[in-house]
Amino acid sequence: MDANLKISFSEIDKEKSLQVVVFDGEFDKAGFSEIKDKVTDFVKSFELKHLIFDFFNLKYINSEGIGYLMEVHTHLIQRDSKLVVVGLNAHVKDIFAAIGIAEIIPVFDSISDYLQTVNK
């Protein structure tokens, strides 16, 4: 059986102090349980300024996934880092809009769109 949610980590960009985590699949209870420990360990050890969650291939996110994003956001803010989400499909964008998460966690169409806003 294939995993509901797969993640991959980009190389660290030391110049821009960022790293990207790419999500592929469905961020629901089953998908979340498959990746939770790996992502949590990664976030706890994250020491750069910008963590980008790339949701371009994310098909779905539920309330558990949204709650986890808020946990990650809070953890990073406390460490003077920032969570950014890019590449939302129409369904996920609607969910973010309905609950107002885009007013808390920055959302951009692409990584390059976000990087244009970052001061060096």
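The values are calculated or read from the model by the stated rules, or taken from the named source; none is laboratory data. Because the structure is predicted, anything quoted here is derived from the model rather than measured. Glycine also receives a Cβ, built like all others from the backbone with ideal geometry; neighbour counts cover every protein chain displayed.
Exactly one of these conditions fails for Gln78: (1) closer than 23 Å to Val118 by Cα; (2) touching a Phe, Trp or Tyr at 6+ places or on another chain (Cβ under 9 Å). Give me its number.
The single condition Gln78 does not satisfy is (2).
Can you pull out every residue in region 12-36 that is over 15 Å from Glu47 (Cβ atoms) and among the basic types (Lys, Arg)?
Listed by number, the residues that qualify are Lys29, Lys36.
Anything in region 1-58 that is more than 11 Å from the chain's Cα centre (by Cα), closer than 19 Å to Asp80 by Cα and of a type in the set (Phe, Trp, Tyr)? List them, or say none.
Phe42, Phe46
Rundown of residues vs (1) at pLDDT below 95; (2) of a type in the set (Phe, Trp, Tyr); (3) buried (at least 19 other Cβ atoms within 10 Å of the Cβ), yes/no style:
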{"residue": "Val72", "(1), (2), (3)": "no, no, yes"}
{"residue": "Leu83", "(1), (2), (3)": "no, no, yes"}
{"residue": "Val86", "(1), (2), (3)": "no, no, yes"}
{"residue": "Val92", "(1), (2), (3)": "yes, no, yes"}
{"residue": "Asp109", "(1), (2), (3)": "no, no, no"}
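Confirm whether Gly100 is surrounded by 19 or more Cβ atoms within 10 Å (Cβ to Cβ), at pLDDT below 95, over 11 Å from the mean Cα position of the chain (by Cα) and of a type in the set (Gly, Ala, Ser).
Judged against the criteria, Gly100 is not a match.
Considering only region 37-70, state which residues are among the acidic types (Asp, Glu) and either in contact with a strand residue (DSSP E or B) (Cβ under 7 Å, 6 or more places away or on another chain) or buried (at least 20 other Cβ atoms within 10 Å of the Cβ) (or both). Write out each step before concluding.
Pass one, region 37-70, residues among the acidic types (Asp, Glu): 37, 41, 47, 54, 64.
Within region 37-70, Asp54 is the sole residue that qualifies.
Take residues that are within 24 Å of Asn4 (Cβ to Cβ) and not small (Gly, Ala, Ser) and tell me which of the helices (runs of 4 or more DSSP H) falling wholly in region 51-120 contain 3 or more.
By residue number, 63-78, 90-99.
So how many residues does region 31-72 have that are charged (D, E, K, R), within 19 Å of Ile111 (Cα to Cα) and in contact with a Phe, Trp or Tyr (Cβ under 7 Å, 6 or more places away or on another chain)?
1
Out of the residues in region 1-36 that are surrounded by fewer than 12 Cβ atoms within 10 Å (Cβ to Cβ) and at pLDDT 90 or above, state the one that is nearest to Lys59 (Cα to Cα).
Ser8
Taking region 19-38 as the search range and keeping residues that are free of Cβ contacts under 8 Å to residues at least 60 places away in the same chain and in a strand (DSSP E or B), which one is farthest from Gly67 (Cα to Cα)?
Selected residue: Gln19.
How about region 39-50: which of its residues are in contact (Cβ under 8 Å) with a residue 24 or more places away in the chain and part of a helix (DSSP H, G or I)?
Residues satisfying the conditions are Val39, Phe42, Val43, Lys44.
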